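The values are calculated or read from the model by the stated rules, or taken from the named source; none is laboratory data. The structure displayed is predicted, hence computed values, not measured ones. So basically every Cβ, Gly included, is an ideal-geometry build from the backbone, and we count neighbours across all protein chains shown. Each accessible area value is taken on the protein alone, full model and side chains, heavy atoms only, with ligands, DNA and RNA left out. Shrake-Rupley method; radii C 1.70, N 1.55, O 1.52, S 1.80 Å.
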Amino acid sequence: MRYISLLFFVGILISICSCRTDFETVASNGNLAFSKDTIYLDTVFTNIGSSTYALKVYNQSKNDVNIPTIKLNRGLSSKYRMTVDGMAGNQGKEFENVTLLAKDSLYIFIETTASITDANPTDFLYTDKIEFDSGTNLQTVELVTLIQDATFLYPQKTSTGTETIPLDGEETPGFYLDKNDPIHGNELHFTNQKPYVIYGYAAVPENETVTFDAGARVHFHANSGLVVSKNGTLKINGTTSTTEKLEGEVIFEGDRLEPLYSDVPGQWGTIWLTNETKNNSINHLTVKNATVGLLIENNLGTIMPIKNTQVYNCTNYGILTRNAKIEGENLVINNAGQSGLACTFGGNYKFTHCTFNNNWNGNSPFAVTIDNYKSGATTETNDLTQATFNNCIIYGSYTNELNLDKKEGAAFNYAFNNCLIKYFASTTNSLYQFTTDPTHYTNIILNKDPKFYKPTQNNFNIDNTSSAFAKGNQAYNIPLDITGATRTSPPDLGAYQNKDFPKKE
């Protein structure tokens, strides 16, 4: 009985202690510490929400403290919003009587959605501050965001849902660019006045031409891209840039501007030149972080020139062609989940002074793939009339970076002249007789490191210690490299003329 009474007494004691709600705190005295004194929320487009940024608040004293108020200086009208240790407060703007235990910390998470009209008109910055307490105990943390204006293009709402376009046999969220749009004017002409943000697939109507001026910037939302319809034309008129701002380059990338997303593959879809487009041309284009950078099918008429173009970080392919006709000069492709360049189902190709590299992590992808068929219920072959590579580099982080895949029943014509190729597998396969097959291979440098400057940062410059230095054939020389530098004689292999670099750290 005494044992039962003791248990009863202990239970009451525990119950009383557990119900205590009064913490003996002292008032905040202005001695909080912060992980940062300024939170820079990276550039966002007008009216597009930012990523979430964290601030850590420390109580370094031996006492539990009560912070009477944590609030935004602009009050309820602020375009910033917060949570404080998971609490939403008053509309995410104001919080009262926040307890912070001794030698403990709390997290504040900050986001913003602001318009260009909210920003300072001289520098386009939107600012505010988080205020902790007030009066003589006031402490603040500054908030700064750069707001960038943009032209937004997207499918319209209809009586039955969202506007769609037919794409690869399916209705896909998208819209046709209108050269007489009542709001934007000619949507088929992309200028460099301000960036464009595209939601869904923007389609070029049949028999129309879409033009991108030098310096144009186009940002695609997830599951978005550009489609050129039958008999349509793509013209990308980039020019050489003289500064790090790449003022002459046309750039296609995702719509997340934060540095965290700068090299994340698969943020958007593709630039798709569908069956039977014509008279396309690309010069000084950079494509980043797509699923497929460029998808080109059965282009009509003359061979399509692609010059001085870079394609990086694509989940599937950098450039994927199906029976296309392409002449590439000064191309650079790196990081693709399946192949950087994939010339499939035959076609006609010539690439000169190009750098094809693949540092994709996993799945043993290739830098270059060439075939003359497509698979389906039955395998269909098509003539590869030409696949010629002159003064090129084909390299990467895997054992074999060249994949030749021939099916009988159609032509398979290929040639590599003065190229550096990485291929460590046995060369008993008749397609890979690098040293004994002069019909397909001339002056091949096999399995030598080109010593790219910083390939993980998509910098494929070389210096005079590279295996590609001065190994090109002058007969195939393109006078200027991808940066506009003059090539020497004999030229270097790849898209870049060698230069001196500071020593690597």
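Tabulated values for the structure
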item	result
Taking the stretch 380-442 and dividing mean pair separation by its residue count, relative contact order in percent (alpha carbons under 8 Å, at least six apart)	37 percent
Cβ charges +1 (Lys, Arg) and -1 (Asp, Glu), total dipole of the stretch 393-505, debye	160 debye
Most positive-pole-ward Cα, THR465, ALA411, ALA425, against dipole of the stretch 397-505 from beta carbon charges	THR465
FRET efficiency estimate (nearest 0.05) - Cβ-Cβ, ASN47 to THR242, R0 22 angstrom	0.10
Degrees between helix 2-18 axis and first principal axis of the chain (Cα, 0 to 90, nearest 10)	70 degrees
Rel. contact order, % - alpha carbon contacts under 8 angstrom, at least six apart, the chain	7 percent
Gain on full stretching of the segment that runs from LEU300 to SER364 - 0.36 nm per residue minus C-alpha separation	19.7 nm
Cα-based reach from LYS422 at 21 Å (exclusive), listing lysines while leaving out same-chain residues under 8 positions away	LYS350, LYS406, LYS448, LYS451, LYS454, LYS471
For the chain, with +1 on Lys and Arg beta carbons and -1 on Asp and Glu, the positive-most of ILE393, SER281, LEU72 along the dipole	ILE393
Dipole magnitude of the stretch 132-195 about its Cα centre (Cβ charges: Lys, Arg +1; Asp, Glu -1), debye to nearest 20	200 debye
Efficiency of FRET between ASP449 and GLN156 - r from beta-carbon atoms, R0 60 angstrom, step 0.05	0.70
Dipole of the chain, positive end: most advanced residue of PHE175, THR46, VAL311 [Cβ charges, Cα centre]	VAL311
Overall form of the stretch 186-255 per C-alpha gyration tensor (a/c, 1.5; a/b vs b/c)	oblate
Considering only the chain, percent of DSSP beta bridges that pair antiparallel, nearest 5	30 percent
Gyration tensor verdict on the stretch 372-420 (Cα atoms; rounded if a/c is under 1.5, prolate if a/b is larger than b/c, oblate otherwise)	oblate
Point-to-point label distance, PHE124-THR378, nm (Cα→Cβ direction, 7 Å offset)	5.7 nm
Where the chain is the region considered: accessible area per residue in Å², 1.4 Å probe	47 Å²
Partners for LYS36 among aspartates and glutamates (Cα-Cα distance below 16 Å; same-chain residues under 8 apart left out)	GLU111, ASP128, GLU131, GLU142
Antiparallel bridge percentage (DSSP; both residues within the stretch 354-504; nearest 5)	20 percent
Apportionment of accessible area to carbon and sulfur, the stretch 77-190, percent (1.4 Å)	49 percent
Share of carbon and sulfur in the accessible heavy-atom surface of the stretch 334-459 [1.4 Å probe, %]	42 percent
Value of relative contact order over the stretch 140-244, rounded to a whole percent, pairs C-alpha under 8 Å and six or more apart	23 percent
Stretch gain in nm, segment ASP37-LYS407, where the contour uses 0.36 nm per residue and the Cα spacing is subtracted	126.8 nm
The chain - charge dipole about Cα centre, Lys and Arg +1 at Cβ, Asp and Glu -1, debye rounded to 20	900 debye
Segment GLU163-HIS189, length gained on full extension (0.36 nm per residue, minus Cα span)	7.2 nm
Antiparallel DSSP beta bridges within the stretch 169-306, as percent of all bridges there, nearest 5	5 percent
Rounded, prolate or oblate (a/c below 1.5 giving rounded, otherwise prolate when a/b exceeds b/c) for the stretch 297-396 by Cα gyration tensor	oblate
25 Å Cα-Cα threshold exceeded, pairs from LYS230/LYS407; LYS62/LYS93; LYS278/LYS307; LYS194/LYS245	LYS230/LYS407; LYS62/LYS93
